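This report concerns only the one structure given below.
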Amino acid sequence: MLNKPLVLNTWLILGYLALFALVPICTTSKYQMLLASHVFIWGLFAVSFNMLFGVTGMLSFGQALYYGLGAYSVGLCVKYLGAAWFLPGMLLGLLSAVVLSWLLGHLIIRVSGVFFTMLTLTFGQLGWQVMFKWYSFTGGDDGVQSIIPPGILANKVVYYYFALALVGLSIWFLGRLTASPMGLILRCVRQNPDRVRFLGRRVRRNQQRIYIISSLFTALAGALMSGVDSSIHTDMFYWTTSGHVILMSILGGIGQFLGPLVGAAVIVTIEDVVGAFTEYWSLIIGTVMLVMVLGLPRGLMGEIVQLRARYVGRAGRAEGAGAQGGEA
(Lines give C-alpha, C1' and ligand atoms only; values in the text may rest on other atoms or scores of the structure.)
Protein backbone atom coordinates (compact mmCIF):
# COMPACT_ATOMS: atom_id res chain seq x y z
CA MET A 1 0.00 0.00 0.00
CA LEU A 2 1.38 3.39 -1.03
CA ASN A 3 2.22 5.94 1.63
CA LYS A 4 0.49 9.01 0.13
CA PRO A 5 2.33 11.67 2.20
CA LEU A 6 5.67 10.02 1.34
CA VAL A 7 4.83 9.92 -2.38
CA LEU A 8 3.69 13.55 -2.30
CA ASN A 9 6.83 14.66 -0.46
CA THR A 10 8.99 12.77 -2.96
CA TRP A 11 7.38 14.56 -5.89
CA LEU A 12 7.66 17.92 -4.13
CA ILE A 13 11.35 17.29 -3.42
CA LEU A 14 11.93 16.38 -7.08
CA GLY A 15 10.19 19.58 -8.14
CA TYR A 16 12.26 21.57 -5.65
CA LEU A 17 15.50 20.10 -7.02
CA ALA A 18 14.42 20.56 -10.63
CA LEU A 19 13.75 24.24 -9.95
CA PHE A 20 17.25 24.79 -8.58
CA ALA A 21 18.80 22.64 -11.32
CA LEU A 22 17.52 25.19 -13.85
CA VAL A 23 19.30 28.14 -12.21
CA PRO A 24 22.72 27.69 -13.93
CA ILE A 25 20.91 27.09 -17.22
CA CYS A 26 18.67 30.15 -16.99
CA THR A 27 21.29 32.61 -15.73
CA THR A 28 25.01 33.22 -16.14
CA SER A 29 25.15 35.35 -13.01
CA LYS A 30 27.52 33.91 -10.42
CA TYR A 31 25.69 35.89 -7.74
CA GLN A 32 22.35 34.27 -8.59
CA MET A 33 23.97 30.85 -8.37
CA LEU A 34 25.49 31.82 -5.02
CA LEU A 35 22.09 32.94 -3.74
CA ALA A 36 20.43 29.72 -4.93
CA SER A 37 23.17 27.67 -3.26
CA HIS A 38 22.56 29.48 0.01
CA VAL A 39 18.83 28.79 -0.23
CA PHE A 40 19.07 25.01 -0.63
CA ILE A 41 21.99 24.54 1.78
CA TRP A 42 20.22 26.57 4.47
CA GLY A 43 17.17 24.49 3.56
CA LEU A 44 19.07 21.29 4.41
CA PHE A 45 20.19 22.83 7.71
CA ALA A 46 16.59 23.82 8.52
CA VAL A 47 15.15 20.39 7.65
CA SER A 48 17.85 18.70 9.76
CA PHE A 49 17.03 20.96 12.69
CA ASN A 50 13.31 20.36 12.27
CA MET A 51 13.88 16.62 12.67
CA LEU A 52 14.66 17.54 16.27
CA PHE A 53 12.16 20.31 16.86
CA GLY A 54 9.16 19.70 14.62
CA VAL A 55 9.24 15.90 14.59
CA THR A 56 10.60 14.99 18.04
CA GLY A 57 9.82 18.14 20.04
CA MET A 58 13.43 18.86 21.07
CA LEU A 59 14.31 22.57 20.76
CA SER A 60 18.08 22.82 20.26
CA PHE A 61 19.86 26.18 20.30
CA GLY A 62 23.21 24.50 19.68
CA GLN A 63 22.98 22.99 16.19
CA ALA A 64 25.32 25.72 14.96
CA LEU A 65 28.04 23.73 16.75
CA TYR A 66 27.77 20.98 14.13
CA TYR A 67 27.25 23.40 11.26
CA GLY A 68 30.51 25.13 12.16
CA LEU A 69 32.24 21.81 12.81
CA GLY A 70 31.46 20.61 9.28
CA ALA A 71 32.65 23.87 7.76
CA TYR A 72 35.86 24.13 9.82
CA SER A 73 36.81 20.51 9.19
CA VAL A 74 36.90 21.29 5.48
CA GLY A 75 38.48 24.73 5.86
CA LEU A 76 41.28 23.68 8.19
CA CYS A 77 42.09 20.57 6.13
CA VAL A 78 42.43 22.72 3.00
CA LYS A 79 44.43 25.38 4.86
CA TYR A 80 47.01 23.03 6.38
CA LEU A 81 46.99 20.02 4.02
CA GLY A 82 46.01 21.44 0.65
CA ALA A 83 43.01 21.53 -1.68
CA ALA A 84 43.20 17.76 -2.26
CA TRP A 85 41.92 17.34 1.30
CA PHE A 86 38.61 19.09 0.60
CA LEU A 87 36.55 15.90 0.24
CA PRO A 88 38.41 14.02 3.02
CA GLY A 89 37.77 17.11 5.15
CA MET A 90 34.04 16.75 4.47
CA LEU A 91 34.14 13.13 5.59
CA LEU A 92 36.14 14.13 8.67
CA GLY A 93 33.53 16.77 9.50
CA LEU A 94 30.69 14.26 9.23
CA LEU A 95 32.54 11.72 11.36
CA SER A 96 33.40 14.38 13.94
CA ALA A 97 29.77 15.46 14.12
CA VAL A 98 28.62 11.88 14.70
CA VAL A 99 31.20 11.28 17.45
CA LEU A 100 30.62 14.62 19.19
CA SER A 101 26.82 14.36 19.04
CA TRP A 102 27.05 10.82 20.40
CA LEU A 103 29.16 12.01 23.33
CA LEU A 104 27.09 15.12 24.09
CA GLY A 105 23.89 13.19 23.53
CA HIS A 106 24.61 11.03 26.56
CA LEU A 107 24.62 14.21 28.65
CA ILE A 108 21.90 16.43 27.22
CA ILE A 109 19.27 13.79 26.40
CA ARG A 110 18.97 13.11 30.14
CA VAL A 111 17.01 16.35 30.51
CA SER A 112 14.11 17.82 28.55
CA GLY A 113 12.31 21.07 27.90
CA VAL A 114 14.09 24.30 28.71
CA PHE A 115 16.96 22.41 30.41
CA PHE A 116 17.72 20.58 27.16
CA THR A 117 17.60 23.87 25.25
CA MET A 118 19.97 25.59 27.68
CA LEU A 119 22.46 22.71 27.61
CA THR A 120 22.59 22.73 23.81
CA LEU A 121 23.10 26.50 23.89
CA THR A 122 25.89 26.11 26.45
CA PHE A 123 27.83 23.55 24.43
CA GLY A 124 27.29 25.54 21.25
CA GLN A 125 28.71 28.69 22.81
CA LEU A 126 31.60 26.70 24.24
CA GLY A 127 32.48 25.55 20.72
CA TRP A 128 32.28 29.13 19.44
CA GLN A 129 34.54 30.36 22.23
CA VAL A 130 37.18 27.72 21.49
CA MET A 131 37.22 28.56 17.79
CA PHE A 132 37.26 32.29 18.47
CA LYS A 133 40.10 32.20 21.00
CA TRP A 134 42.33 29.57 19.34
CA TYR A 135 43.71 32.11 16.90
CA SER A 136 46.95 30.29 16.08
CA PHE A 137 45.04 27.29 14.68
CA THR A 138 41.60 28.50 13.56
CA GLY A 139 42.44 32.07 12.60
CA GLY A 140 40.06 33.44 15.24
CA ASP A 141 37.60 36.03 13.95
CA ASP A 142 39.53 36.22 10.67
CA GLY A 143 38.38 32.72 9.80
CA VAL A 144 39.84 30.89 6.80
CA GLN A 145 39.71 32.14 3.21
CA SER A 146 40.52 30.69 -0.22
CA ILE A 147 38.84 27.33 0.35
CA ILE A 148 38.86 25.97 -3.19
CA PRO A 149 37.63 22.43 -3.98
CA PRO A 150 40.03 20.25 -5.98
CA GLY A 151 39.90 19.30 -9.65
CA ILE A 152 36.64 19.68 -11.54
CA LEU A 153 34.82 20.77 -8.37
CA ALA A 154 36.71 24.07 -8.57
CA ASN A 155 34.29 24.95 -11.38
CA LYS A 156 31.40 26.84 -9.73
CA VAL A 157 28.72 25.23 -11.90
CA VAL A 158 30.03 21.72 -11.24
CA TYR A 159 30.24 22.38 -7.50
CA TYR A 160 26.71 23.83 -7.59
CA TYR A 161 25.30 20.59 -8.99
CA PHE A 162 27.49 18.53 -6.65
CA ALA A 163 26.08 20.38 -3.63
CA LEU A 164 22.53 20.23 -5.00
CA ALA A 165 22.78 16.45 -5.50
CA LEU A 166 24.00 15.89 -1.94
CA VAL A 167 21.31 18.17 -0.52
CA GLY A 168 18.64 16.38 -2.57
CA LEU A 169 19.73 12.92 -1.43
CA SER A 170 19.91 14.11 2.18
CA ILE A 171 16.43 15.63 2.16
CA TRP A 172 15.04 12.51 0.45
CA PHE A 173 16.61 10.33 3.15
CA LEU A 174 15.23 12.49 5.96
CA GLY A 175 11.81 12.39 4.31
CA ARG A 176 11.92 8.59 4.19
CA LEU A 177 13.01 8.55 7.83
CA THR A 178 10.09 10.78 8.83
CA ALA A 179 7.62 8.41 7.14
CA SER A 180 9.25 5.28 8.60
CA PRO A 181 8.29 3.45 11.82
CA MET A 182 11.12 5.31 13.55
CA GLY A 183 9.60 8.61 12.44
CA LEU A 184 6.25 7.51 13.90
CA ILE A 185 7.94 6.72 17.21
CA LEU A 186 9.63 10.13 17.22
CA ARG A 187 6.31 11.90 16.70
CA CYS A 188 4.85 9.85 19.54
CA VAL A 189 7.80 10.89 21.73
CA ARG A 190 6.95 14.52 21.00
CA GLN A 191 3.29 14.06 21.94
CA ASN A 192 3.49 11.69 24.91
CA PRO A 193 6.88 10.20 25.91
CA ASP A 194 5.38 8.40 28.92
CA ARG A 195 3.01 6.43 26.73
CA VAL A 196 5.92 5.47 24.48
CA ARG A 197 7.70 4.06 27.52
CA PHE A 198 4.58 2.10 28.49
CA LEU A 199 4.63 0.55 25.02
CA GLY A 200 8.13 -0.76 25.67
CA ARG A 201 10.04 1.71 23.48
CA ARG A 202 13.16 3.47 24.72
CA VAL A 203 12.58 7.21 24.54
CA ARG A 204 16.12 8.37 25.24
CA ARG A 205 17.66 5.95 22.75
CA ASN A 206 15.40 7.24 19.97
CA GLN A 207 16.05 10.84 20.98
CA GLN A 208 19.78 10.26 20.84
CA ARG A 209 19.52 8.59 17.45
CA ILE A 210 17.68 11.52 15.91
CA TYR A 211 20.05 13.97 17.61
CA ILE A 212 23.00 12.22 15.93
CA ILE A 213 21.25 12.07 12.55
CA SER A 214 20.27 15.74 12.72
CA SER A 215 23.83 16.72 13.67
CA LEU A 216 25.27 14.64 10.81
CA PHE A 217 23.25 16.42 8.11
CA THR A 218 23.79 19.78 9.79
CA ALA A 219 27.55 19.21 9.51
CA LEU A 220 27.07 18.30 5.83
CA ALA A 221 25.34 21.64 5.28
CA GLY A 222 28.26 23.45 6.90
CA ALA A 223 30.82 21.53 4.83
CA LEU A 224 28.99 22.35 1.59
CA MET A 225 28.68 26.01 2.54
CA SER A 226 32.46 26.29 3.00
CA GLY A 227 32.90 25.40 -0.68
CA VAL A 228 30.15 27.75 -1.82
CA ASP A 229 31.51 30.80 0.01
CA SER A 230 35.19 29.73 -0.26
CA SER A 231 35.58 30.94 3.32
CA ILE A 232 34.53 30.18 6.88
CA HIS A 233 34.17 32.29 10.01
CA THR A 234 33.52 31.76 13.70
CA ASP A 235 29.99 33.18 13.47
CA MET A 236 29.03 29.81 11.99
CA PHE A 237 29.29 28.47 15.57
CA TYR A 238 27.46 31.39 17.19
CA TRP A 239 24.02 30.97 18.74
CA THR A 240 22.47 33.43 16.28
CA THR A 241 23.11 30.90 13.51
CA SER A 242 20.97 28.40 15.41
CA GLY A 243 18.38 31.12 15.96
CA HIS A 244 18.40 31.84 12.24
CA VAL A 245 17.49 28.27 11.36
CA ILE A 246 14.80 28.19 14.06
CA LEU A 247 13.16 31.20 12.40
CA MET A 248 13.27 29.42 9.04
CA SER A 249 11.53 26.37 10.47
CA ILE A 250 8.82 28.38 12.23
CA LEU A 251 8.21 30.57 9.19
CA GLY A 252 7.83 27.58 6.86
CA GLY A 253 5.89 25.49 9.37
CA ILE A 254 7.42 23.06 11.86
CA GLY A 255 4.52 20.66 11.42
CA GLN A 256 5.32 20.05 7.74
CA PHE A 257 8.42 18.20 6.56
CA LEU A 258 9.03 20.61 3.65
CA GLY A 259 8.10 23.71 5.65
CA PRO A 260 11.71 24.57 6.62
CA LEU A 261 12.70 24.54 2.92
CA VAL A 262 10.10 27.23 2.24
CA GLY A 263 11.14 29.20 5.32
CA ALA A 264 14.80 29.11 4.28
CA ALA A 265 13.95 30.37 0.78
CA VAL A 266 11.84 33.22 2.16
CA ILE A 267 14.37 34.41 4.75
CA VAL A 268 17.44 34.17 2.48
CA THR A 269 15.54 36.07 -0.23
CA ILE A 270 14.40 38.75 2.20
CA GLU A 271 17.96 39.20 3.45
CA ASP A 272 19.20 39.57 -0.11
CA VAL A 273 16.49 41.90 -1.41
CA VAL A 274 16.07 44.09 1.68
CA GLY A 275 19.80 44.05 2.44
CA ALA A 276 20.43 45.77 -0.91
CA PHE A 277 18.43 48.79 0.26
CA THR A 278 19.01 49.01 4.01
CA GLU A 279 21.26 47.62 6.70
CA TYR A 280 18.22 47.10 8.93
CA TRP A 281 17.12 43.90 7.19
CA SER A 282 16.88 42.12 10.55
CA LEU A 283 14.11 44.55 11.55
CA ILE A 284 12.17 43.59 8.42
CA ILE A 285 12.57 39.88 9.17
CA GLY A 286 11.41 40.49 12.74
CA THR A 287 8.31 42.27 11.43
CA VAL A 288 7.59 39.43 8.99
CA MET A 289 7.95 36.87 11.78
CA LEU A 290 5.59 38.86 14.03
CA VAL A 291 2.95 38.97 11.31
CA MET A 292 3.42 35.27 10.57
CA VAL A 293 3.11 34.16 14.18
CA LEU A 294 -0.03 36.23 14.71
CA GLY A 295 -1.68 35.66 11.34
CA LEU A 296 -0.35 32.28 10.19
CA PRO A 297 0.54 30.30 13.34
CA ARG A 298 1.00 27.04 11.39
CA GLY A 299 3.62 28.58 9.09
CA LEU A 300 3.37 29.00 5.33
CA MET A 301 3.26 25.30 4.44
CA GLY A 302 1.01 24.52 7.39
CA GLU A 303 -1.57 27.07 6.29
CA ILE A 304 -1.43 25.84 2.68
CA VAL A 305 -2.06 22.27 3.83
CA GLN A 306 -4.90 23.47 6.07
CA LEU A 307 -6.54 25.41 3.22
CA ARG A 308 -6.22 22.39 0.94
CA ALA A 309 -7.84 20.16 3.58
CA ARG A 310 -10.73 22.60 3.95
CA TYR A 311 -11.24 22.75 0.18
CA VAL A 312 -11.16 18.97 -0.19
CA GLY A 313 -13.55 18.60 2.75
CA ARG A 314 -16.04 21.09 1.28
CA ALA A 315 -15.82 19.46 -2.14
CA GLY A 316 -16.44 16.04 -0.56
CA ARG A 317 -19.45 17.29 1.40
CA ALA A 318 -20.90 18.99 -1.69
CA GLU A 319 -20.46 15.81 -3.71
CA GLY A 320 -22.07 13.74 -0.99
CA ALA A 321 -25.02 16.14 -0.77
CA GLY A 322 -25.44 16.00 -4.55
CA ALA A 323 -25.42 12.20 -4.52
CA GLN A 324 -28.09 12.13 -1.78
CA GLY A 325 -30.22 14.60 -3.71
CA GLY A 326 -29.99 12.45 -6.84
CA GLU A 327 -31.07 9.35 -4.93
CA ALA A 328 -34.04 11.23 -3.49
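Some notes on this structure:
- Restricting the range 112-144 to residues that are surrounded by 14 or more Cβ atoms within 10 Å (Cβ to Cβ) and among the small types (Gly, Ala, Ser) leaves a set whose member that is modelled with the lowest pLDDT is Ser112.
- Enumeration of residues in the range 254-268 that are open to solvent by 20 Å² or more (accessible area, probe 1.4 Å), small (Gly, Ala, Ser) and outside any loop (DSSP other than H, G, I, E, B): Ala265
- Single condition Leu251 does not satisfy, out of (1) under 26 Å from Thr178 (Cβ atoms); (2) surrounded by fewer than 24 Cβ atoms within 10 Å (Cβ to Cβ): (2)
- Ile147 being touching a residue at least 12 places away in the same chain (Cβ under 8 Å), part of a helix (DSSP H, G or I) and crowded, with 20+ Cβ neighbours inside 10 Å: no
- Subset tally (residues that are aliphatic (A, V, I, L, M) and open to solvent by 50 Å² or more (accessible area, probe 1.4 Å)) for the range 173-198: 1
- Restricted to helices (runs of 4 or more DSSP H) entirely inside the range 1-99, those with at least 1 residues that are open to solvent by 40 Å² or more (accessible area, probe 1.4 Å), touching a residue at least 60 places away in the same chain (Cβ under 8 Å) and of a type in the set (Lys, Arg) are 30-50, 64-81.
- The range 100-111, residues that are more than 21 Å from the chain's Cα centre (by Cα), touching a residue at least 24 places away in the same chain (Cβ under 8 Å) and part of a loop (DSSP other than H, G, I, E, B): Arg110
- Candidate set from the range 229-241 (those that are open to solvent by 20 Å² or more (accessible area, probe 1.4 Å) and part of a helix (DSSP H, G or I)); member that is farthest from Lys30 (Cα to Cα): Trp239
- Filter pass, Asp235 being among the charged types (D, E, K, R), within 22 Å of Leu126 (Cα to Cα) and over 13 Å from the mean Cα position of the chain (by Cα): yes
Here's the yes/no breakdown for (1) buried (at least 22 other Cβ atoms within 10 Å of the Cβ); (2) part of a helix (DSSP H, G or I):
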{"residue": "Arg205", "(1), (2)": "no, yes"}
{"residue": "Ala219", "(1), (2)": "yes, yes"}
{"residue": "Ala223", "(1), (2)": "yes, yes"}
{"residue": "Gly243", "(1), (2)": "no, yes"}
{"residue": "Val273", "(1), (2)": "no, yes"}
{"residue": "Glu279", "(1), (2)": "no, no"}
{"residue": "Met292", "(1), (2)": "no, yes"}
{"residue": "Ile304", "(1), (2)": "no, yes"}
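- Of all residues in the range 112-121, those being of a type in the set (Val, Ile, Thr) and touching a residue at least 24 places away in the same chain (Cβ under 8 Å) number 2.
- Enumeration of residues in the range 154-172 that are assigned to a helix (DSSP H, G or I) and open to solvent by 20 Å² or more (accessible area, probe 1.4 Å): Ala154, Lys156, Val157, Val158, Tyr161, Phe162, Ala165, Leu166, Leu169, Trp172
The values are calculated or read from the model by the stated rules, or taken from the named source; none is laboratory data. Just so you know, these numbers come straight off a predicted model, no measurement behind them. Backbone-built Cβ (ideal geometry, glycine too); neighbour counts: all protein chains shown. These accessible areas exclude ligands, DNA and RNA; they are computed on the full protein's heavy atoms, side chains included. Shrake-Rupley method; radii C 1.70, N 1.55, O 1.52, S 1.80 Å.
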